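Worksheet: one structure, shown below.
The values are calculated or read from the model by the stated rules, or taken from the named source; none is laboratory data. Remember, predicted model here, so these are calculated numbers, not experimental data. With ideal geometry, Cβ positions are generated from the backbone for all residues, glycine too; neighbour counts draw on all protein chains shown. Only protein heavy atoms, including side chains, enter the accessible area calculation; ligands, DNA and RNA are left aside. Shrake-Rupley method; radii C 1.70, N 1.55, O 1.52, S 1.80 Å.
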Amino acid sequence: MAGATLRFAGRQLSQRSGSGVPILLRQMFEPKSCTYTYLLGDRESREAILIDPVLETAPRDAQLVKELGLRLLYAVNTHCHADHITGSGLLRSLLPGCQSVISRLSGAQADLHIEDGDSIHFGRFALETRASPGHTPGCVTFVLNDHSMAFTGDALLIRGCGRTDFQQGCAKTLYHSVHEKIFTLPGDCLVYPAHDYHGLTVSTVEEERTLNPRLTLSCEEFVKVMDNLNLPKPQQIDIAVPANMRCGIQTPLS
């Protein structure tokens, strides 16, 4: 794939010389599941990636990619979602050349599987993969190579975190993932979650380290809280999880 590589675990990030032009970032919202989809692009090479696309809004995402004159290399999922069907399969049809990406530990099908330490390159930029299991075994956080922003999926939300009571979740594992893989980033690193239910869009590592009501607890206290949330089952889980295990619905919407 000309101009972009998916580098695998244990290899150093290859920093590319550039003009200092900032990354292109667009945050988009899907209201039914309150999911954020992120478009990241290199303004010079026009190479781009999408993080956590949703099936129903994949045509919107594809249209934006075209309007901005970008070439979508990857549609990436932070984990196998239970509250919506991923748009990565449909985007492969709408934007030929786009490849789907997900963690190998998710057990889901995709064009490319990633592991902890792998880097996804687009133009002069790269996202480092940090395994952050707990919500599900295959959750990952994507960190921009200058550590200025992190896309935390459901592992870390703004003043919250993903639930751990289904999909082989584990509260203790999630606690250690966040503290060891996300809270060790610089305090001013921007935190972009996969969901928000209160109208918030972005936080920082320092804010969540000091203000997150769950993750400022001790591990023992955190586990007790998570074990007693008593949340209803996600409405789309019985449809979404099987579809997402095969990279989402890949036929056009009816």
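Checking each residue in the range 235-254 for being open to solvent by less than 90 Å² (accessible area, probe 1.4 Å) and at pLDDT 75 or above picks out GLN236, ILE237, ALA240, VAL241, PRO242, ALA243, ASN244, MET245. Across the range 103-136, the qualifying residues are those that are open to solvent by 30 Å² or more (accessible area, probe 1.4 Å), of a type in the set (Asp, Glu) and over 16 Å from THR152 (Cβ atoms), and the one among them that is modelled with the highest pLDDT is GLU115. Out of LEU105, LEU127, LEU90, one residue alone is without any contact (Cβ under 8 Å) to a residue 60 or more places away in the chain and farther than 13 Å from LYS181 by Cβ. It is LEU105. Within the range 206-218, at least one residue is more than 14 Å from the chain's Cα centre (by Cα) and of a type in the set (Val, Ile, Thr).
Can you work out which of the residues in the range 170-195 that are within 15 Å of VAL143 (Cβ to Cβ) and of a type in the set (S, T, N, Q) is surrounded by the fewest Cβ atoms within 10 Å (Cβ to Cβ)? That would be THR184. Exactly one residue out of ASP188, ASP165, ASP154, ASP146 is farther than 21 Å from LEU72 by Cα and within 13 Å of the chain's Cα centre (by Cα): that is ASP154. Within the range 202-225, at least one residue is hydrophobic (A, V, I, L, M, F, W, C), closer than 27 Å to ALA75 by Cβ and modelled with pLDDT of 95 or more.
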